[in-house]
Amino acid sequence: MLKKILSLAVVATLGFAVNANAHQIIASSVGKNKFEAKFWAHTQFDDYNSNQLLGAKAYDENLDRIKTGIKYNYNDDSKKPEILTEKAPAIMVTVFDAKYWVQTDAGYKNGNKTKIDDVVFDDIKSVKIGKTYFSWNEKFLDPIGLKLEVIALNDPLKVKVGDSLPVLVLKDGKPAKGVAFETANEDLDNLTNEFGIALIPIKEKGLNIIAARGEEPLFNDPDAHTLFIQSSISFEVK
């Protein structure tokens, strides 16, 4: 019986890695100084609850903070949270709670392990960080200070299909080696080198999302012992 459970757990783990990771958060303009956080799930934008949007920060071309607020619209299910800025931003960072994921011998699913009456093989809390570029300035080579941060080392708004975009990944402000990536549509084989740098191929026009994946232990959360962090950059390719 134990052998069967462990075998199922391996299958669940492989599926879990693909399905739990293939999600990103981006910011999209919906009016003058008005933005919406959109949750990308595998092949399309998906619905989410207003309380899953944990925060948003906007920056100007000098990487100075712009006054930013969120109208959550908690009492109107027909409306998504509205992100409002004092002026047009060059970069916007959104943070999203993708909730808890639990692996059991029946597979994987969203849920809290304290509510699972089954053998639990793994449990994570998933957080998504999205940095959206609306314009470009060499000052954007400087980090904003995110826990896990992806920095485009060239102007991402000028890349073309067939190009490769060099990116730098920092964890706690330091170059992170061996970090894995995914795009909006696939996992990549590319890993960061000892300097935290990787070349990411640009394969399609329109919205491009490049996400780095990291994790660290949790010690004070009864529903998860691992914090999974996915940090991405998004931009439009013409």
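Residue count for the stretch 60-106 satisfying the condition of being farther than 15 Å from T132 by Cβ, in a strand (DSSP E or B) and not aliphatic (A, V, I, L, M): 10.
The set of residues in the stretch 35-56 that are under 15 Å from the mean Cα position of the chain (by Cα), assigned to a strand (DSSP E or B) and surrounded by 15 or more Cβ atoms within 10 Å (Cβ to Cβ) comprises A37, K38, F39, W40, A41, L53, L54, A56. Taken over the stretch 205-226, the residue count meeting the criterion of being surrounded by fewer than 17 Cβ atoms within 10 Å (Cβ to Cβ), assigned to a loop (DSSP other than H, G, I, E, B) and in contact (Cβ under 8 Å) with a residue 40 or more places away in the chain is 5. Which pairs have Cβ atoms under 6 Å, sit 6 or more apart or on different chains, and link a residue in the stretch 75-92 that is within 14 Å of A56 (Cα to Cα) to one that is polar (S, T, N, Q) and surrounded by 21 or more Cβ atoms within 10 Å (Cβ to Cβ)? Qualifying pairs under 6 Å: M92/T132.
Just for the stretch 73-106: of the residues that are aliphatic (A, V, I, L, M) and touching a helix residue (DSSP H, G or I) at 6+ places or on another chain (Cβ under 7 Å), which one is modelled with the lowest pLDDT? Once the filter is applied, the top-ranked residue is V102. Taking (1) closer than 29 Å to Y59 by Cβ; (2) in contact (Cβ under 8 Å) with a residue 40 or more places away in the chain; (3) in contact with a strand residue (DSSP E or B) (Cβ under 8 Å, 6 or more places away or on another chain) in turn, A176 satisfies each apart from (2).
Based on what the data block shows, is G178 modelled with pLDDT of 95 or more and more than 29 Å from G69 (Cβ to Cβ)? Step through it out loud before you land on a result.
Numbers: modelled with pLDDT of 95 or more: yes; more than 29 Å from G69 (Cβ to Cβ): yes.
Yes; evaluated as a whole, the condition is true for this residue.
Based on this model, can you work out whether I202 counts as in contact with a strand residue (DSSP E or B) (Cβ under 9 Å, 6 or more places away or on another chain), open to solvent by less than 10 Å² (accessible area, probe 1.4 Å), over 26 Å from V102 (Cβ atoms) and touching a residue at least 40 places away in the same chain (Cβ under 8 Å)? Against the criterion (in contact with a strand residue (DSSP E or B) (Cβ under 9 Å, 6 or more places away or on another chain), open to solvent by less than 10 Å² (accessible area, probe 1.4 Å), over 26 Å from V102 (Cβ atoms) and touching a residue at least 40 places away in the same chain (Cβ under 8 Å)), I202 qualifies. Candidates are the residues of the stretch 85-133 that are of a type in the set (S, T, N, Q) and within 30 Å of V167 (Cα to Cα); the one that is surrounded by the most Cβ atoms within 10 Å (Cβ to Cβ) is T94. Is it true that L165 is touching a helix residue (DSSP H, G or I) at 6+ places or on another chain (Cβ under 7 Å), at pLDDT 95 or above, surrounded by 17 or more Cβ atoms within 10 Å (Cβ to Cβ) and not in a loop (DSSP other than H, G, I, E, B)? Taking the combined requirement at face value, the residue satisfies it.
Exactly one residue out of I124, I129, I116 is under 30 Å from F219 (Cα atoms), β-branched (V, I, T) and modelled with pLDDT of 95 or more: that is I129.
Of the residues in the stretch 177-184, at least one is more than 18 Å from the chain's Cα centre (by Cα) and open to solvent by 10 Å² or more (accessible area, probe 1.4 Å).
I'd like the residue in the stretch 107-130 that is in a loop (DSSP other than H, G, I, E, B) and touching a residue at least 40 places away in the same chain (Cβ under 8 Å) and, out of all such residues, is nearest to R65 (Cα to Cα). Show your work before the answer.
Within the stretch 107-130, the subset in a loop (DSSP other than H, G, I, E, B) is 111-112, 116-119.
With touching a residue at least 40 places away in the same chain (Cβ under 8 Å) added as a condition, the list becomes 112, 119.
Values: N112: 36, V119: 46 Å.
Once the filter is applied, the top-ranked residue is N112.
F140 falls short on exactly one of the conditions (1) surrounded by fewer than 18 Cβ atoms within 10 Å (Cβ to Cβ); (2) among the aromatic types (F, W, Y); (3) in contact (Cβ under 8 Å) with a residue 24 or more places away in the chain, and that condition is (1). Restricting attention to the stretch 190-199 and to residues that are modelled with pLDDT of 95 or more and in a strand (DSSP E or B), the residue that is least open to solvent (accessible area, probe 1.4 Å) turns out to be A198.
The values are calculated or read from the model by the stated rules, or taken from the named source; none is laboratory data. Predicted model, so just to flag it, every value in this text is computed and none were measured. As a convention, Cβ positions derive from the backbone with ideal geometry for all residues, glycine included, and neighbour counts pool all protein chains shown. Each accessible area value is taken on the protein alone, full model and side chains, heavy atoms only, with ligands, DNA and RNA left out. Shrake-Rupley method; radii C 1.70, N 1.55, O 1.52, S 1.80 Å.
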